1. Under the condition of being among the charged types (D, E, K, R) and not in a helix (DSSP H, G or I), which residue from segment 54-91 is least open to solvent (accessible area, probe 1.4 Å)?
2. If a residue has to be touching a Gly at 6+ places or on another chain (Cβ under 9 Å), closer than 21 Å to residue 451 by Cβ and either open to solvent by 30 Å² or more (accessible area, probe 1.4 Å) or among the hydrophobic types (A, V, I, L, M, F, W, C) (or both) to count, how many in segment 381-430 make the cut?
3. Any idea which of 259, 253 is open to solvent by 60 Å² or more (accessible area, probe 1.4 Å), hydrophobic (A, V, I, L, M, F, W, C) and within 24 Å of residue 129 (Cα to Cα)?
4. Here are 89, 36, 78: which of them is farther than 23 Å from residue 148 by Cα and assigned by the TED database to the domain that holds residue 205?
5. Has segment 234-247 got at least one residue that is in a helix (DSSP H, G or I) and within 24 Å of residue 284 (Cβ to Cβ)?
Amino acid sequence: GDCYGDSTAVSTLVQAGITRVVVGLRHPLKHLRGKAIQSLRNEGIQVDVVGEDLHSKLFKEALKSCLIVNAPLLYRAAFRVPFSVLKYAMTADGKIAASSGHASWVSGKSSRGRVFELRGRSDAIIVGGNTVRLDDPRLTARHVKGHVPVRIVMSQSLNLPEEANLWNVHDAYTIVATQRGARRDLQKKLALKGVEVVEFDMLNPRDVMSYCYDRGYLSVLWECGGTLAASAISASVIHKVYAFLAPKIIGGVNAPTPVGELGMNQMTQAIDLIDVSYEQIDRDMLMSGFIQPIPDLSPVIPSVDEMPSVDPEVSPYETNIISFYKTWDTFGAFSNFSPHPIHMPDENGDYFTWPTVEHYYQAHKFIGVDDPQAREIVQEIKLAKSPEEAARIGRTRQREFQELVRPDWDSIKIEVMYRATKRKFSTYSHLTDMLLSTAGSVLVEASPHDLFWGGGREGEGMNYLGRLLMQLRSEILGTIQTAVEVGEPA
């Protein structure tokens, strides 16, 4: 809850009579580091931080476990790219496919089940054009309920088939990253299918990861071939490797290997994996290890409270423009994706607790349409386990079934978002306090890909969510001023 400016977690521990709290890691994001610890200590609760207050061998092992569990957030905070995992399956002689390119299946069924789990823990899956042409994969987390990752295809020339499983966005969203100007005809065809095409001046793993960082992704799974894998490793954007080793030998001088040319001529140049672990999975062996050490940020990143003692001239809030985007920012609670349920009428006029503003917004694309399928879509969105899932369902169904979208949607969607946003802030007083603290600043929703509600990556967006929040802030301030003038409680 602390990530959203809510002190419920701390106050609940206090009310429960807890007398001691052991913290594994301080939060790696600057605006959250130390806030809860200080609040607990102010309430007279003993707080011990592993590695700071507790130093025994047992606690060193505990700290290591905490670092591994929180590795995605730590890598993202330290390197400003998502935590990236390279996964591949190879034979005992180091091949990921036959000389013909045929690769189904290198590993066994149990290993493939583990891959589905890895996908379900990732925000995006990346492949190259060769994988699309040769394997025509789906890249979904089949058999694993819950989160569905975005699928990203990196293709410099856009030499891709017009028909492929990845172009079916019914089950998962697809992004194609390519070089600026590549095959405009195919770009248009993909866009008509609901595939998002993103152009880069120079397509490379580092810039794609920076783009994924801007989109708010925490973890990315690379399931690419050897050439792209080598490029990603050389760009230092791969942090961990999962290698599934199958007890098979296929041979072939030209059979592809997991990692292409890295320019290393001596074994002493080889990359040594860190914290390597081994696991038997049926007949296969899974070896995993980190390429780069997990960054422990606690000694080097001062919290907001500590900042004045480090540099009295620096204020983290001294700016005329305040950007927000989910939990990564100080004002991430302003996002329509924040986990603040709102009690609002549903399609029947009955009050329903919508999990987030985004659930409410996406469902209202179809509310009021007299069609059984539209009502089914509303129910599907209401039951979505996350705002990201609600957004994916709403956007996908809107593209697939345009005739089921309410005819007045374009003219009413701003009002729908404002109604839900206003209810969120009226329900949670700490959010109102946070909003009022931004008085005098321009609010910008920093989503890089939403050019209507967000500000866009290059500031080309219309930023309607930021506008609505500033409008709401003005209304609240006006109400307070009126109350002060007539002598009533604000």
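The values are calculated or read from the model by the stated rules, or taken from the named source; none is laboratory data. Remember, it's a predicted structure, so these values are computed and weren't measured experimentally. Cβ coordinates were reconstructed from backbone atoms using ideal geometry, including for glycine residues, and neighbour counts include every protein chain displayed. For the accessible areas, the whole protein counts, side chains as well, though only heavy atoms, and no ligand, DNA or RNA atoms are used. Shrake-Rupley method; radii C 1.70, N 1.55, O 1.52, S 1.80 Å.
1. Top of the filtered list is 87.
2. Count: 2.
3. Checking each option against the conditions leaves just 253.
4. From the options 89, 36, 78, the qualifying one is 78.
5. no
Quick grid of which residues meet (1) assigned to a helix (DSSP H, G or I); (2) out of contact with any strand residue (DSSP E or B) (no Cβ under 7 Å at 6 or more places or on another chain); (3) open to solvent by 60 Å² or more (accessible area, probe 1.4 Å):
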site	(1), (2), (3)
12	yes, yes, yes
17	no, yes, no
22	no, no, yes
32	no, yes, no
37	yes, no, no
44	no, yes, yes
52	no, yes, yes
